[in-house]
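Taking it in order: structure first as structure tokens, then the write-up.
The values are calculated or read from the model by the stated rules, or taken from the named source; none is laboratory data. Since the model is a prediction, treat every value here as computed from it, not as a measurement. Cβ placement follows ideal geometry from the backbone for every residue including glycine, while neighbour counts extend to all protein chains displayed. When the accessible area is computed, the model is the full protein with side chains, heavy atoms only, and any ligands, DNA or RNA have been set aside. Shrake-Rupley method; radii C 1.70, N 1.55, O 1.52, S 1.80 Å.
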Amino acid sequence: DPGNIYFAFYVNDGKENKIQKEMPTRNYVLDEENSFCEVNGERDEKIKVTLTDEYGIYITGVTSSRTKCNLYFVSGAFILGKPIKAITNGEGLYEVTHEDVSGTINDNGFKETEFRYAGKDPNNYILFNDELWRIIGLVNVMVDENRVEQRIKIIKSESIGNYAWDTNNINDWTKASLMKELNENYYDTLNDNAKSLIDENITWNIGGEESSNKLLLEYYKFERGNKTYNGRDYIWYAGNTISEKFFHSIGLIYPSDYGYATSGGEVTTREKCFSQTLYTLDTECGNNNFLKPRNNSMWTLTLASHTKDYAFRIAHFSGGVSIPDDFTVSTQFLVYPTLYLKSNVKIMNNGQDGSIGNPYHLQQIL
């Protein structure tokens, strides 16, 4: 109605402020600590402003028609329906911008923004299948051949054990023994509620590369490329191949997931970590990463494109990503199931903070 228009002021490209009549609709959350309302010029602490993930504004406690609310927005994302601010250092949620990945299946013609958790132990724990999992972040995925959307990507906090990537020693994920183990035997161990929360329509990209001496952004690009040994299909479409019993969209992390999960430290900043190859990460970059495996190396989803029997792993001792010359895909390394949640999965309430002792609880909004 006239007189009830909200104006949001924000910095455009870091150069100038512009007045917008439309609310920010992506990559921003309401700064509830600094936002406030006033009546006749005096601040009223009883009036509260909240923002929903559909970007609806809710104001409670208003008793006067002469109320003015000052709303401030900061970079951030709705993780499972909870607004979380993005940070620039330390442990927590970071905003990540990818340059246009031209020539790959995610070529959208614009920079892609995601939000990723980083650090040695950020508060990104959730209860899934009545056990602890961790949120990797709000990640761009393909839900069909022409549409990219954002989904919450999660990983089991503890490994399910050591498995070969493929017992037949061939790095074709669409036929790999580990793919079948995760999407048949392991899937059958999940409770019905957990199964109902998994988005089974996600396209997993399985592009490869022949060198492990690459920067983070290079990994992000070739994972979405089409380099595979012997020209095999490089996209794993969920639910439409082999049998319906397989392909419940349980996979592994990518090397780029691991790279974005580092926060750096006091000496080596996060930006400096990104300037190192994932193979040669220094101690601070490797250790300040909640995805770093313990006790043994862990498998990733990404394969070697120059040979049929190798895939990328993350070393537990150095924290580096590599194609191990002396370990083929028949080697048993740690496996951490990874999956995407449906878009209508939310946090049950705001009582949890995502810490290991108070993890987020989930429910599906029908």
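Under 5 Å between amide hydrogens, built in the peptide plane, is the criterion, and for Ile136 it picks out Lys153, Ile154, Ile155 among residues at least 5 positions away or on other chains. Other residues lying with their Cβ under 15 Å from the Cβ of Asp31 contribute a combined charge of 0, Lys and Arg counting +1, Asp and Glu -1. The phi torsions of segment 260-268, fed into the Karplus equation with coefficients 6.51, -1.76 and 1.60 and a -60° offset, translate into couplings of 6, 8, 8, 9, x, x, 6, 9, 9 Hz, rounded to whole numbers, with Gly and Pro shown as x. The H on the amide N of Gly265, modeled in the peptide plane, is under 5 Å from the matching H of Arg270, each at least 5 residues off or on a different chain.
Modelled spin labels at Asn296 and Asn344, positioned 7 Å past Cα toward Cβ, are 4.0 nm from each other. Summing +1 for each Lys or Arg and -1 for each Asp or Glu among the other residues whose beta-carbon sits under 10 angstrom from that of Leu339 gives +1.
Provide, for q = 0.16 Å⁻¹, the log10 of I(q)/I(0) from a solvent-free Debye sum over equal Cα point scatterers in segment 107-197. So the normalised log intensities work out to -0.94. Note on segment 196-220 and segment 255-293: Cα centroid distance 18 Å, given to the nearest whole angstrom.
Phi angles of segment 76-90 translate, via the Karplus equation with coefficients 6.51, -1.76, 1.60 and θ = phi - 60°, into HN-Hα couplings of x, 8, 8, 9, 6, x, 9, x, 10, 6, 7, 10, 10, 7, x Hz per residue; Gly and Pro are given as x. Amide H contacts for Asn289 (H built 1.01 Å from N in the peptide plane; partners 5 or more residues away or on another chain; cut-off under 5 Å): Lys120. Normalised per residue, the accessible area of segment 250-319 is 34 Å², obtained with a 1.4 Å probe and no contribution from ligands, DNA or RNA. Using R0 = 56 Å, the C-beta based FRET efficiency linking Val267 and Lys195 works out to 0.80.
Whole-Hz Karplus values for segment 336-347 come out as 10, x, 9, 7, 10, 8, 4, 5, 9, 8, 10, 6 Hz, taken residue by residue from phi with 6.51 cos²θ - 1.76 cosθ + 1.60 and θ = phi - 60°; glycine and proline positions read x. Placing +1 on the Cβ of every Lys and Arg and -1 on the Cβ of every Asp and Glu, with nothing else charged, gives segment 247-366 a dipole about its Cα centre of roughly 380 debye.
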